[in-house]
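> Can you keep this structure in mind? I'll have questions shortly.
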Amino acid sequence: MKTPAAHAGSRDLDSRGRTVLDRKVVEKIAGQVASEESFAGGSSGGFLGIGAHSDFSARPKVTVELAGNIAALSVEIGLLYPVPLRQVTERLRRRISERVTALTGVEVRQIDITVSWLKPADETTGRRRLL
Amino acid sequence: MRQHAGALNRTWLVILGILTLAGGVLILLAASGTLHAMSPAMAPAESPVLTGDLHTAFGPASVTAIVLVAGVLLGALGLLWILAQIPRKNPADRYRLHQDPASGTTLCEASVLGSAVENQINTLPGVVGSSALLRGTAREPDLTMKVTVNNRADIQDILHSINARVIPDLSTALETPLRRTGIQLEVSGRNPVSGSTVATTGTVIY
């Protein structure tokens, strides 16, 4: 037998409606988390995938497969060269998994990472030194 | 850069050599009569080795079929051997870099690593062009490089830079020392295509 207060609370929850996240939201969150790492990047520019160039400030391409509340991600990413690829991708995997679960509540079970390009960091910022 | 079927050729040439040598020795022994002296069942010297009627032996259709199949088989083996002579690159497909596949896979195309190495070599002074090829596995990678230089290049300096920077960087990326590295140098009269622009970092005083 429920107390009137608990009953009222549950009715209250029902009346609030539901929040539904599109798959694309999870994809974008995961892409944003990945691009926040300094060693990772995506590709930008181009038309229909032609002429796209690697860019450390772009979001990597993420595809999400949702099965209920469990997600499997596949990330296509560009990395800084030279970084230890195993360590860096493992760190990235943990970070994406933590952040996506924290922000959306979706449990991330698998993250497949494909390294699509490797580029050295620009040694100079391209800016002149100001005195 | 390309691999040849050296080991395969050596193995088969040794096997065929031993077989032909044994056949030759047998013919010599039969011709000199030594074989007849050792075993009287064998034909004596200067007399036919085969005495039976060969037409009846090859009469049945099954024998013809067996000879035909054996001939086709030998021909196919010979053809395969010829095809194996085509020099091949045998590049590594993709390197698997994950520890635990249950939490997800990490894949990197070997050509992606190869182009990173090429970009690094192309920045060395005097280098006109380069191509890098990775073979083997992610745990035991082999790197082969072809570096084209022009007359302004200091070859010792380039080799030193490759050994001191390019190879250690690839080792860092793959987190394992390279099993084998090969450098092929080529000289060309072309001018380098890269290095047409440079970011200005001059000091400006306002």
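> Would you please name the residue that is modelled with the highest pLDDT, looking only at residues in segment A:101-131 that are part of a loop (DSSP other than H, G, I, E, B) and of a type in the set (Asp, Glu)?
A:ASP122
> Let me ask something else. Mind listing whichever residues of segment B:108-136 are surrounded by fewer than 20 Cβ atoms within 10 Å (Cβ to Cβ) and either at the interface with chain A (Cβ under 9 Å from one of its Cβ atoms) or of a type in the set (Ser, Thr, Tyr) (or both)?
Selection gives B:GLU109, B:SER111, B:SER115, B:ASN119, B:THR123, B:SER131.
> Among the residues of segment A:103-118, write down those that are more than 9 Å from every other protein chain (Cβ to nearest Cβ), in contact (Cβ under 8 Å) with a residue 40 or more places away in the chain and not hydrophobic (A, V, I, L, M, F, W, C).
A:THR104
> Which of the residues spanning segment A:14-38 are in contact (Cβ under 8 Å) with a residue 24 or more places away in the chain and of a type in the set (A, V, I, L, M)?
A:LEU21, A:VAL25, A:VAL26, A:ILE29, A:ALA30, A:VAL33, A:ALA34
> Kindly indicate whether any position in segment B:32-52 is in contact with a helix residue (DSSP H, G or I) (Cβ under 7 Å, 6 or more places away or on another chain), in a helix (DSSP H, G or I) and surrounded by 11 or more Cβ atoms within 10 Å (Cβ to Cβ).
Yes, segment B:32-52 has at least one match.
> Let me ask you something else. Only one of B:ALA76, B:ALA84 is loosely packed, with under 13 Cβ neighbours inside 10 Å and away from every other protein chain (no Cβ under 14 Å). Can you tell me which?
The unique qualifying residue is B:ALA76.
> Output the number of the condition that A:PHE56 fails; it satisfies all remaining conditions of (1) aromatic (Phe, Trp, Tyr); (2) facing chain B (nearest Cβ under 7 Å); (3) in contact (Cβ under 8 Å) with a residue 60 or more places away in the chain.
(2)
The values are calculated or read from the model by the stated rules, or taken from the named source; none is laboratory data. Please read all numbers here as calculations on a predicted model, not as lab measurements. Cβ sites come from the backbone with ideal geometry, for glycine too, and all protein chains shown count toward neighbours.
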